[in-house]
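Below is one structure, written out as structure tokens, with a few remarks after it.
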Amino acid sequence: MKIHTFRLKPGQDLFVSIEAFAAHHTIEAGCVLSSVGSLTHATLRLANRGYYNEYEGHFEIVSMTGTVSIHGSHLHVAISDGDGMTIGGHLVSGCKIYTTAEIVVAEFEDVVYKREMFENDSGYEELVVYKK
């Protein structure tokens, strides 16, 4: 296992930047170990919804988890506002960094994560793990 730590700066897109980091380092299988930071805009897909919700304001990233791969990542994030109200969902592009985001990713070098469609399944591309 290899550990990567990186920091995002104001204005960067959280999801797009994680995908770019994975591409730059050719991460074929990984997971988010830790993440903290803040957002000025959030775009999330909430549970069982076919559309995205947009949120404006100042938010703390209180949690982020999921799989990371050059073959497709699947990440969820929880954010809280100035009153501590928390919301979470599927991370998509559109979440803009406010002050910073510090992200730690574990890379697993003996497997490859891919996403594939399965007949009569969820309707989404699902995780498939291949040995290297």
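Values quoted throughout were computed directly from the atomic coordinates according to the rules given, and no laboratory measurement underlies them. Not measured: the values here are computed from a predicted model. So basically every Cβ, Gly included, is an ideal-geometry build from the backbone, and we count neighbours across all protein chains shown.
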**Estimated inter-spin distance, LYS131 and ASP110, nm [label 7 Å along Cα→Cβ]** = 0.9 nm
**Request:** Quick one: which residues, 5 or more positions from GLU126 or on another chain, have an amide H under 5 Å from its amide H? H modelled 1.01 Å from N in the peptide plane, none for Pro or chain starts.
**Result:** GLU116, MET117, PHE118
**Asked** For the stretch 61-128, what does the alpha-carbon gyration tensor say about shape, rounded, prolate or oblate, given a ≥ b ≥ c as the root eigenvalues, a/c under 1.5 as rounded, and a/b over b/c as prolate?
**Response** oblate
**Asked** Given only helices, namely DSSP H runs of n ≥ 4 each adding -39500 (n - 2.57), what is the per-residue ellipticity at 222 nm of the chain, to the nearest 500 deg cm²/dmol?
**Response** -2500 deg cm²/dmol
**Prompt:** In whole angstrom, how far apart do the alpha carbon centroids of the stretch 1-17 and the stretch 71-132 sit?
**Reply:** 13 Å
**Prompt:** For GLU116, what is the net charge nearby, where nearby means another residue's Cβ is under 15 Å from its Cβ and Lys, Arg count +1, Asp, Glu -1?
**Reply:** -3
**Message:** At 0.36 nm per residue, and after removing the present C-alpha to C-alpha distance, how many nm does the segment from ARG45 to SER63 gain when stretched out fully?
**Reply:** 4.9 nm
**Complete:** Quick calc of log₁₀ I(q)/I(0), the chain, Debye, one scatterer on every Cα, no solvent, q values 0.12, 0.20, 0.23 1/Å, result -0.46, -1.16, -1.39
**Fill in**
Phi-derived 3J(HN,Hα) across the stretch 107-119 with the Karplus relation (6.51, -1.76, 1.60, θ = phi - 60°), rounded Hz, x for Gly and Pro, is 10, 9, 8, 9, 9, 10, 9, 10, 10, 9, 7, 10, 4
**Asked** Residues in the stretch 98-132 near a label at THR26, defined as backbone nitrogen under 18 Å from the 7 Å Cα→Cβ point?
**Response** 107-114, 130-132
**Prompt:** Here are some pairs, LYS96/LYS132; LYS9/LYS132; LYS2/LYS114; which of them have Cα atoms lying more than 27 Å apart in this structure?
**Reply:** LYS96/LYS132; LYS9/LYS132
**Selected from HIS41, LEU8, ASN53, residue furthest toward positive end of dipole (the chain; charges at beta carbon)** = LEU8
**Fill in**
The helix 14-24 Cα axis meets the longest alpha-carbon principal axis of the chain at an angle in degrees, between 0 and 90 and rounded to 10, of 30 degrees
